Amino acid sequence: MAGLLPARPCCQLSELLGVYYGSRGRLLGNQRGRSAYFSLLRNAVARTVVRLGRAVARMDAKYQAVKTRKQMSFFIELALPPHLVAAFSQAATQVMPDAACDRKAMLRGLFLGCGSVNAPNTRYHLEFVAPTASWGAVIARLVEGSGVKAGTTLRGSQTVVYVKDGDGIVRLLSTMGASRAVMEFENVRVIREVSGEVNRRLNFETANIGKTIGSGLRQAAAIERLGADGKLDHLPPALQEMARWRSQNPELNLGELAGRMKLSKSAVNHRLRRLQHLADSNGDAASPNPARRSA
């Protein structure tokens, strides 16, 4: 975004104002001459301010970089022509441009001045740390004017306007002109979503496998109890066959077991439940209900 230069003078001024107000710029000087003072953390944005100042009104710029133990800061001082001093001393409610192109340019400038976006491989989050609560309301209106739902919260004493929806972030970045960033964002988002879907499927399959094996082992243990009690040999042939198949294949699910036995899943399920019931209840397996013999 910092590499863009709007073609129209009105858009250039709107973007410059967005960076100025978003970065908490200040007016310096007296009646003989006023300057707009920017304090920025990114060199690319500092170069943008200088380029916009020259494009808008050939403003003279003083550029200074200061390195501390924690960060590098860039200070820009633009000498304002008299007819622009009023634009740099307005209240937030007076700055909102009327033209759609100017609003987009100002939103881009505000993002360069006080915005950030997370890498999508962690979480979807784009935010503006507004300089004041009134500017937070202006930023929220600009974001929602782009067709994106924005939320507002307080972080300490600062007003934060945020977007947490992936599609909304893509749309907002596109509106602000970050086409290359949108492509990178979408690529990472696709990888993240595919990876999440694969993990969900693996977890689902793992849970199903564990459930199937656990159920098969419980049924095999019930059949083993029936054999230890000497009741297995007195069961109807259909149940004996079922007991033999389940004992030999405790890892198969109902569908796989039914396929190998050439039976329906409901028939296999009915016979296994019957065997489990007989093992749990210690009923009279030698005298089953005649209706059960036809199972």
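Every read-out reported here was derived from the displayed coordinates using simple, explicitly stated rules and does not represent laboratory data. Just so you know, these numbers come straight off a predicted model, no measurement behind them. Heads up, the Cβs are rebuilt from the backbone with ideal geometry, glycines too, and the neighbour counts pull from every protein chain shown.
Worth a mention:
- Backbone geometry of segment 176-183 corresponds, through the Karplus equation with coefficients 6.51, -1.76 and 1.60 at θ = phi - 60°, to 3J(HN,Hα) couplings of 7, x, 8, 5, 5, 5, 4, 4 Hz, x marking Gly and Pro.
- Residue by residue, segment 223-228 carries 3J(HN,Hα) couplings of 5, 5, 5, 4, x, 5 Hz when phi is fed to the Karplus relation 6.51 cos²θ - 1.76 cosθ + 1.60 (θ = phi - 60°); x denotes Gly or Pro.
- For segment 88-189: rounded, prolate or oblate by the Cα gyration tensor [a/c cutoff 1.5]: oblate
- Length-normalised contact order for segment 41-97 - Cα pairs under 8 Å, 6+ apart - percent: 31 percent
- Under the criterion of Cα pairs below 8 Å and six or more residues apart, the relative contact order for the chain equals 13 percent.
- Whether the chain is rounded, prolate or oblate, judged on the alpha carbon gyration tensor where a/c under 1.5 counts as rounded: prolate
- Relative packing of peptides 4-12, 106-114, 50-58 - highest average C-beta neighbours within 10 Å first: 106-114, 50-58, 4-12
- Paramagnetic label reach from Val85 (point 7 Å along Cα→Cβ; backbone nitrogen cut-off under 13 Å): within segment 13-31, residues 27-31.
- Helix-derived mean residue ellipticity, 222 nm - over the chain, DSSP H n ≥ 4, -39500 (n - 2.57), to 500: -18000 deg cm²/dmol
- Amide H contacts for Asp60 (H built 1.01 Å from N in the peptide plane; partners 5 or more residues away or on another chain; cut-off under 5 Å): Ala79.
- Gaussian network model of the chain, Cα within-10 Å springs - most flexible of Val85, Val268, Val194: Val268
- Efficiency of FRET between Glu186 and Arg244 - r from beta-carbon atoms, R0 45 angstrom, step 0.05: 0.20
- In the chain, the longest principal axis of the Cα atoms and the axis of helix 166-175 are about 20 degrees apart.
- Most positive-pole-ward Cα, Ser266, Val198, Ala55, against dipole of the chain from beta carbon charges: Ala55
- For segment 1-88: rounded, prolate or oblate by the Cα gyration tensor [a/c cutoff 1.5]: oblate
- Distant-in-sequence amide H partners of Gln158 (H built 1.01 Å from N, under 5 Å): none
- Rounded to whole numbers, the Karplus 3J(HN,Hα) couplings from phi for segment 260-272 are 6, 8, 6, 10, 7, 5, 5, 5, 5, 4, 4, 5, 5 Hz, using 6.51 cos²θ - 1.76 cosθ + 1.60 with θ = phi - 60°, and x at Gly and Pro.
- Angle between the chain longest axis and helix 43-57 axis [Cα atoms, degrees, rounded to 10]: 40 degrees
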